[in-house]
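Here is the structure we will look at.
The values are calculated or read from the model by the stated rules, or taken from the named source; none is laboratory data. What you see is a predicted model; the values in this text were computed from it and never measured. Cβ atoms come from the backbone with ideal geometry, glycine included; neighbour counts cover every protein chain shown. Remember, those area values only see protein heavy atoms, side chains included, never the ligands or the DNA or RNA. Shrake-Rupley method; radii C 1.70, N 1.55, O 1.52, S 1.80 Å.
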Amino acid sequence: MLTMALLVGVGAGYGAVLFRWLIANAHAFFFDTLGNWLGFLGRYYVVVVPALGGLAVGLLTRFVSPEAQGPGVSSVMEALAVRDGRIRPVVIAARPVATSITLGSGGSAGREGPIVQIGSAIGSVLSQLAHLSDERTKNLVAAGAAAGIAATFNAPLAGVMFALEILLARFGLVPFTSVVVAAVIASVIGHAHFGDAPAFAVPSSAAPNGWDLPIYGVLGAAAAFVGVGFVRILYWVHDLFANWAFPPYLKPAAGGLIVGLIGLWFPEIFGVGYDSIETVLFKRLTLTYLAILGILKILTTSATIGSGGSGGIFAPSLFLGAMLGGIFEQLVQRATPAVAAPSAYVLVGMSAVFGAASRAPITAILTLFEMTRDYDAILPLMLATVISTLVARQLFDESIYTVKLSRRGIDVNAGRDLNLMSTILVNEAMTSIEDMVTVTPDAPLLELAQVFDQTHFHGLAVTDQRNRLLGVVTLSDLERAQAQQRMSGEVRDIYSRKVRTVFPDDTLEQALRHFGALDVGRIPVVDRQDPDRIVGLLRRGDIVRAYSHAYMDEQARLAHMDRARLEHRTGENTLEIRLQDDHRAVGKTVQDLELPSQTLLASIRRGGRVLIPRGDTRLEVGDVVVALVPEDQETTLRSRLVGREGHHPSNHTRNH
């Protein structure tokens with residue numbers, strides 16, 4: 001495995017060298033050679049150049065490799081989740097060419113996503129040639145991604161963390177070893193060709209003092225809104241292009257035309273934008289100009305990638321973060337003149353925006369550190385990036401890499417070890433105060449007995465008139481009072497005043513510890529801000545129901561991923577049909593159905609069980625039949641199972 005990782009590192013390292021050479025030469029061709037040919041247009045030739053580049057990319061992605069469009073990271077994550085890490089060899093050649101054309105012609109995107117896909121494709125192809133297992137293939141895919149980042153950005157630590165945090169989302173000795181070996185080898189190759197200088201030269205600055213940190217925390221929160229806004233606008237523009245009734249291979253040309261029109265007046269938005277970032281690091285631009293550049297970068301990146309261009313989102317995220325940091329520094333300077341160096345805010349903004357967009361704070365922190373090697377900024381960098389990631393998670397569920405996948409029903413976390421109890425909050429399972437039955441301390445015990453008899457509950461919360469929690473009274477308390485002939489008393493005489501409580505935002509895993517330690521059947525849920533105010537009651541039955549629902553949801557996600565893998569490996573569609581009492585197949589055995597020749601019944605879900613169909617398996621009402629079927633035999637299969645030719649009721653599911 002180490003030998004394979006070494007080969008992946010060599011391949012990805014030299015792939016990165018070739019990739020950067022292609023970008024440089026593509027830029028020279030489009031803006032020098034082609035610019036001279038279009039000299040009759042004067043300065044307006046820059047409007048045409050991105051459109052021509054978009055046309056070339058559209059033709060390439062349409063007729064050669066559709067995987068070469070978009071950011072690239074999402075395609076790798078899809079390959080890991082659905083195809084066990086298998087990527088077509090054509091990607092190794094098509095992706096660098098497509099991205100080089102996009103960036104070389106002025107498209108507003110980055111090279112991080114494409115180099116991840118190039119390195120991952122190299123790892124995948126080598127593992128397929130060696131006939132490695134699915135798990136080892138995934139490890140080499142991640143190793144290739146790490147190697148690509150390490151060589152391209154001179155950032156081996158960031159490459160390793162990107163592979164483990166974003167692609168594999170797990171840490172283990174075997175994947176860690178493979179990823180590290182590949183990243184180290186690729187980084188050595190990168191050093192030999194690109195030198196050892198950091199990606200950004202940063203002005204010297206003093207380490208921040210403790211009073212600066214709250215200001216950086218505010219910057220982190222602001223970066224979350226910028227990062228989430230970037231994600232939403234990008235996919236909103238993507239949807240506009242996707243729904244546009246226009247030839248798909250011409251859409252990147254239209255996106256390029258938009259970029260060209262904007263770049264005519266604001267050339268800073270062309271390409272990856274690193275020169276503009278260094279400008280902001282070393283000298284101050286006006287606040288208005290920084291804001292304009294940030295807004296236009298969002299629009300041009302969305303037009304480039306959303307239309308089907310080829311490029312990543314890392315560089316645009318850094319650009320947006322730099323503009324935000326520059327704006328924030330000027331606003332703080334006006335309020336508090338004695339602030340840190342402007343470059344510190346720019347660096348922190350870059351890391352925080354990327355962390356918010358990618359939901360990968362460790363990768364963001366290490367990447368910016370390695371690209372600048374400015375240790376003085378590490379503390380505010382860490383604080384702001386973590387805050388931006390947390391706030392972004394509250395604003396939007398998906399990262400910029402997973403939005404596209406989740407829309408297609410692909411859950412990259414499906415199948416990974418998951419403690420469901422740690423994913424369910426108490427407020428999602430509890431019985432709320434509005435639906436609870438409570439008693440007051442002055443309630444007679446005879447009345448309490450009637451309540452227990454009518455509700456069949458074994459415990460009730462004792463509250464005052466303002467829903468203030470006083471304690472808990474149980475059926476056992478009442479039975480003891482009855483045995484002691486004290487039924488003439490009130491609830492206040494028997495209820496327990498010292499009770500363990502939980503908060504609504506606790507997880508069920510935390511709550512279960514209280515149930516086990518106290519051996520109780522219910523726990524009051526109180527407001528975290530006002531622990532005396534009861535907001536609900538968590539019973540053992542509530543936990544069982546919540547877990548059952550979460551388990552069924554998780555099984556549905558796993559089933560969807562299994563269908564996607566099955567379709568990929570067989571090249572056929574999967575069809576799900578839930579049998580109803582009037583369907584033809586009900587009561588028949590599989591061998592009686594006379595299925596089409598190329599159709600395979602994969603499974604039958606019956607209740608909570610999954611059956612493997614045999615010839616003598618008899619179908620029942622409620623069975624969910626899952627079949628693999630060629631598209632031209634789908635209608636025939638429906639007729640055999642349902643009995644109504646061409647009928648597509650709502651409980652039939654077709655997957656492609």
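Hey, quick one: spin label on L129, modelled 7 Å out along Cα-Cβ, who in region 56-85 has an amide N within reach, i.e. under 19 Å? Residues 85 fall inside that zone. Using the Cβ-Cβ distance between A291 and E479 with R0 set to 51 Å, the FRET efficiency from 1/(1 + (r/R0)^6) comes to roughly 0.10.
Ordered by solvent-accessible area of protein heavy atoms (1.4 Å probe), largest first, the residues W211, W21 come out as W211, W21. Lys/Arg Cβ at +1, Asp/Glu Cβ at -1, dipole of the chain taken about the Cα centre: which of L132, M421, S65 is farthest positive-ward? Result: S65. Here is the list for region 456-495: trypsin sites (Lys or Arg not before Pro) lying in DSSP coil, each with at most 15 other C-beta atoms within 10 angstrom of its C-beta, are R466, R486. For R468 and A335, the FRET efficiency from 1/(1 + (r/R0)^6), where r spans their Cβ atoms and R0 equals 56 Å, is about 0.80. The Rg/Rh ratio for region 435-484 is 0.95, where Rg is the radius of gyration of the alpha carbons and Rh is the Kirkwood radius. Selection among P156, A24, S108 by position relative to the dipole of the chain gives A24 as farthest towards the positive end (Cβ unit charges, Cα centre).
When you work out D = kT/(6 pi eta Rh) for region 90-231 at 20 °C and 1.002 mPa s, using the Kirkwood radius from C-alpha pairs as Rh and the Stokes-Einstein form, the result is 125 µm²/s.
Ordering R373, R513, R334, R605 by accessible surface, largest first, gives R334, R513, R373, R605; the 1.4 Å probe counts only protein heavy atoms, with every chain in place. Sites listed here are chymotrypsin sites (Phe, Trp or Tyr not before Pro) in region 82-190 whose DSSP assignment is loop and whose Cβ has at most 13 other Cβ atoms within 10 Å: F171.
So what's region 275-396 giving for Cα Rg divided by 2.2 N^0.38 Å, two decimals?
Working it through for region 275-396, the quotient is 1.03.
Dipole size of the chain about its Cα centre, with +1 on Lys/Arg Cβ and -1 on Asp/Glu Cβ: approximately 880 debye, rounded to the nearest 20. Excluding ligands, DNA and RNA, the accessible surface per residue across the chain is 44 Å² with a 1.4 Å probe.
In whole percent, how big is the carbon plus sulfur part of the accessible area of the chain, probe 1.4 Å, protein atoms only?
57 percent
Measuring r between the beta carbons of S548 and R497 and using R0 = 45 Å, the FRET efficiency lands at 0.85. In the chain, a dipole from Cβ-located charges (positive for Lys and Arg, negative for Asp and Glu) runs towards its positive end, and of F171, A511, S548 it is F171 whose Cα lies farthest in that direction. As a ratio to 2.2 N^0.38 Å, the alpha-carbon radius of gyration for region 312-365 is 1.17.
Which whole-number percent is the relative contact order of region 82-181 (Cα, under 8 Å, 6+ apart)?
Reported as a whole number, the value is 25 percent.
Seen from L22, the other residues with C-beta closer than 14 Å to its C-beta sum to a net charge of +3, counting Lys and Arg as +1 and Asp and Glu as -1.
Three principal axis extents describe the C-alpha atoms of region 39-152; from largest down they are 58, 29, 20 Å.
Got the relative contact order for the chain handy, in percent, Cα pairs under 8 Å and 6 or more residues apart?
Taking the mean separation of contacting Cα pairs over the length of the chain, I get 13 percent.
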